[in-house]
Amino acid sequence: MPRKLRIGVLFGGQSSEHEVSLASARSVMSAMDPAKYEVVPVGITKRGMWLTSGDPMQTLRSGVDPDVPLLGSVLTPDPSGDGRAEIVDFSPESEGMSAKAGKPLDVIFPVLHGPYGEDGTIQGLLELSGIPYVGAGVLGSAVGMDKDAMKRIFISRGLPVVPYVCVLRSSWERDPVRTQRDVEERLDYPMFAKPANMGSSVGISKIHGPDEFAPALTEAARFDRRLIIEQGMDARECECAVLGNDSPEASVVGEIVPGNEFYDYRAKYVDDNSDLIIPADLPASISGEVRRLSVEAFQAIDAAGMARVDFFVARDFSTVWLNEINTIPGFTRISMYPKLWEASGVPYPELVDRLIQLAIERHDDRVRNKAALEEMGSDLSV
């Protein structure tokens with residue numbers, strides 16, 4: 001009988017999407033077949049402490065952030081082993097670095113939305129640790145999180161994006177009048193203001209006219225130093241899920257009909273008044289275009305494993321615009337990403353299985369890379 005894989009599931013984190021992460025992680029862990037996997041929950045508090053002892057999920061759900069450093073854990077950044085990283089737990093009985101390491105992990109499944117989880121930072125640590133992990137690497141994660149960098153790459157690939165302007169928080173605070181004038185010369189009302197690096201519609205405001213410009217940018221500036229202002233579009237909001245590594249596949253297309261004026265944080269997680277239509281009622285040619293662009297967007301940023309790609313579709317079907325790509329999308333059983341795959345014939349537990357296998361596949365490909373000097377047998381010395 002094959003040995004069970006030990007899967008470390010990371011959840012919580014320091015972003016404003018902490019609670020969303022907890023909900024996603026509960027669903028992911030419940031879907032893992034206990035006959036195939038030994039699940040190791042790893043909670044990360046809002047202050048960045050890692051927890052493995054006791055019940056990390058319950059600790060984080062309680063809202064009490066532990067204040068005892070010796071209860072924390074760390075992932076050992078040592079790639080010299082066999083690709084099975086260890087998490088060192090600091091128990092109250094230990095002193096300093098004398099804590100005992102747990103059993104090695106085979107794969108890590110980060111279910112961390114937003115900054116410090118979806119932006120390449122945790123992926124960099126996992127790379128240093130030399131362990132397979134689910135989802136995009138450092139580059140794909142960082143670009144997928146940064147809306148300005150993402151859009152620049154899409155534009156360079158000839159992919160259609162909504163007109164936008166990126167401004168620095170410092171520029172806005174130093175000269176708000178000039179900033180507003182410059183934006184108004186390039187875009188028309190209504191507009192949307194948002195932080196360049198954030199998810200779940202946190203910090204996003206719709207700007208109906210000049211009087212709403214300053215409050216909207218001030219709100220976005222609470223969350224990032226770079227601010228995106230996009231042209232508002234009278235369009236339908238559609239989404240497509242992508243699964244794979246170098247040969248990704250696209251799901252059926254879904255549509256979101258927001259219960260609020262736009263699909264903001266409350267519409268997503270609080271008010272429960274939006275409709276998710278799967279599959280979207282679109283002409284076959286438009287659905288095909290959305291699916292094609294989804295794969296192209298995925299490949300453009302060098303994503304891996306999974307991503308959800310969001311679109312605006314003109315109501316007369318004349319144009320499809322790429323909005324953004326999310327490399328760690330919401331993952332509850334009622335989230336759009338797994339629901340799109342379920343409608344495409346991939347049930348939730350199978351989706352989790354495939355993501356774990358894709359992580360191992362990506363890691364096996366990565367470890368084939370060798371340093372150039374080593375390959376050439378260089379005897380250069382410093």
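The residue list 47, 61 contains one member that is touching an Asp or Glu at 6+ places or on another chain (Cβ under 7 Å) and open to solvent by 70 Å² or more (accessible area, probe 1.4 Å), which is 47.
When the helices (runs of 4 or more DSSP H) confined to the range 145-198 are screened for residues that are of a type outside the set (A, V, I, L, M), under 21 Å from the mean Cα position of the chain (by Cα) and under 17 Å from residue 310 (Cβ atoms), those reaching at least 3 such residues are found at 147-156.
Identify, please: which residue in the range 20-33 is in contact (Cβ under 8 Å) with a residue 12 or more places away in the chain and of a type outside the set (A, V, I, L, M) and is, among those, surrounded by the fewest Cβ atoms within 10 Å (Cβ to Cβ)? So that I can check it myself, show each step before the final result.
Taking the range 20-33 first, the residues in contact (Cβ under 8 Å) with a residue 12 or more places away in the chain are 20-29, 31-33.
The next check asks that each one be of a type outside the set (A, V, I, L, M); those that pass are 21, 24, 26-27, 33.
Values: 21: 28, 24: 25, 26: 19, 27: 18, 33: 10.
Looking at residues that are in contact (Cβ under 8 Å) with a residue 12 or more places away in the chain and of a type outside the set (A, V, I, L, M), I get 33.
Taken together, 342, 350, 289 contain a single residue that is outside any strand (DSSP E or B), open to solvent by 50 Å² or more (accessible area, probe 1.4 Å), within 25 Å of residue 153 (Cβ to Cβ) and out of contact with any Lys or Arg (no Cβ under 7 Å at 6 or more places or on another chain), which is 289. For the range 22-43, a residue qualifies if it is closer than 23 Å to residue 63 by Cβ and of a type in the set (Ser, Thr, Tyr), and the qualifying residues are 24, 27, 30. In a residue-by-residue description of the range 297-304, the property of being charged (D, E, K, R), modelled with pLDDT of 95 or more and in a loop (DSSP other than H, G, I, E, B) applies to at least one position.
Among the residues of the range 120-138, is any touching an Asp or Glu at 6+ places or on another chain (Cβ under 6 Å), open to solvent by 10 Å² or more (accessible area, probe 1.4 Å) and not β-branched (Val, Ile, Thr)? Lay out the reasoning, then the answer.
Residues of the range 120-138 that are touching an Asp or Glu at 6+ places or on another chain (Cβ under 6 Å), as a first pass: none.
Within the range 120-138 (the criterion being touching an Asp or Glu at 6+ places or on another chain (Cβ under 6 Å), open to solvent by 10 Å² or more (accessible area, probe 1.4 Å) and not β-branched (Val, Ile, Thr)), the answer is no, since none of the residues qualifies.
The single residue among 202, 242, 183, 167 that is buried (at least 19 other Cβ atoms within 10 Å of the Cβ) and touching a Leu at 6+ places or on another chain (Cβ under 6 Å) turns out to be 167. In the range 328-338, the count of residues that are closer than 15 Å to residue 238 by Cβ, buried (at least 22 other Cβ atoms within 10 Å of the Cβ) and touching a helix residue (DSSP H, G or I) at 6+ places or on another chain (Cβ under 6 Å) is one or more. Going by what's in this entry, would residue 207 be described as touching an Asp or Glu at 6+ places or on another chain (Cβ under 7 Å) and in contact (Cβ under 8 Å) with a residue 12 or more places away in the chain? Judged against the criteria, residue 207 is not a match.
Quick one: is residue 250 among the hydrophobic types (A, V, I, L, M, F, W, C) and surrounded by 21 or more Cβ atoms within 10 Å (Cβ to Cβ)?
Values: among the hydrophobic types (A, V, I, L, M, F, W, C): yes; surrounded by 21 or more Cβ atoms within 10 Å (Cβ to Cβ): yes.
Yes; evaluated as a whole, the condition is true for this residue.
Based on this model, can you work out whether residue 296 counts as within 21 Å of residue 345 (Cα to Cα), over 15 Å from the mean Cα position of the chain (by Cα) and among the charged types (D, E, K, R)? Against the criterion (within 21 Å of residue 345 (Cα to Cα), over 15 Å from the mean Cα position of the chain (by Cα) and among the charged types (D, E, K, R)), residue 296 does not qualify.
Residue-by-condition table, conditions (1) more than 29 Å from residue 221 (Cβ to Cβ); (2) modelled with pLDDT of 95 or more; (3) not hydrophobic (A, V, I, L, M, F, W, C):
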site	(1), (2), (3)
86	yes, no, yes
127	yes, no, yes
166	no, yes, no
180	no, yes, yes
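Can you tell me which residue is farthest from residue 342 (Cα to Cα) among those in the range 233-248 that are assigned to a loop (DSSP other than H, G, I, E, B) and acidic (Asp, Glu)? That would be 234.
With the condition kept exactly as written, say whether any residue in the range 132-144 is of a type outside the set (Val, Ile, Thr) and more than 16 Å from the chain's Cα centre (by Cα).
Yes, the range 132-144 has at least one match.
Looking across the range 353-362, the residues that are open to solvent by 10 Å² or more (accessible area, probe 1.4 Å) and touching a strand residue (DSSP E or B) at 6+ places or on another chain (Cβ under 8 Å) come down to 354, 358, 360, 362. Close contacts from the range 144-172, counting a first residue that is touching a residue at least 40 places away in the same chain (Cβ under 8 Å) and on the phi < 0 side of the Ramachandran plot and a second that is open to solvent by less than 10 Å² (accessible area, probe 1.4 Å) and among the polar types (S, T, N, Q), with Cβ to Cβ under 7 Å and a gap of 6+ residues or different chains, come to 144/327.
The values are calculated or read from the model by the stated rules, or taken from the named source; none is laboratory data. Model, not experiment: these values are computed from the prediction. With ideal geometry, Cβ positions are generated from the backbone for all residues, glycine too; neighbour counts draw on all protein chains shown. Quick note on the areas: whole protein, heavy atoms, side chains included, nothing else; ligands and nucleic acids left out. Shrake-Rupley method; radii C 1.70, N 1.55, O 1.52, S 1.80 Å.
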